[in-house]
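The numbers here are math on the coordinates, done by the rules we state, and not lab data. Bear in mind the structure is a predicted one, so any value in this text is a computation, not a measurement. Positions of Cβ are backbone-derived with ideal geometry, glycine not excepted, and every protein chain shown enters the neighbour counts.
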């Protein structure tokens, strides 16, 4: 929620209309979650029956259908702002966005993969990407803790242990990955905030 609010606030400060900013924020978060579910489906199927996972993936993809998305978006917009918002985007552009978010997850997976390589640990790139996506999404859905702190690391440790890695090694990797992401987000966030404040002053 705070991510949506922050993105909407910064967008408004940059001169984007509030309705557009909120719509873009919701679409961005939705695409991130949906593509994350698609990317992580393989890892989930390895530990859960496929017929339980398939409906979730299909529902996630159905959510991208513009009429369905509009209904859900309007529901939340009425709750939050007492106004109706609509997404005006065609399948072609939505497909490009979907592909872009898939690639973003892959880049996260590559980064995670090289973390293992740095410690001379062996794990496939696909598995590294799937494990990262699963732990990140579950941490995201754990709204009762800030940033999924502890939840993401716990899930990642369990997945790594099930793949044959020693428990303490998996825990160490999970903690290092949390530090890595947190530092990266803080650096990029501060850079963006400084630029935002300087632009408002000028």
Cα-based Rg / Dmax (Å) for region 107-189: 12.1, 36
Potential lengthening between residue 141 and residue 63 on full extension [0.36 nm per residue; Cα-Cα distance subtracted]: 26.4 nm
Extension reserve of the residue 161-residue 175 stretch, reckoned as 0.36 nm per residue once the Cα distance is removed: 3.6 nm
Potential lengthening between residue 120 and residue 17 on full extension [0.36 nm per residue; Cα-Cα distance subtracted]: 32.2 nm
Residues 194, 151 arranged by fewest to most Cβ contacts within 10 Å: 194, 151
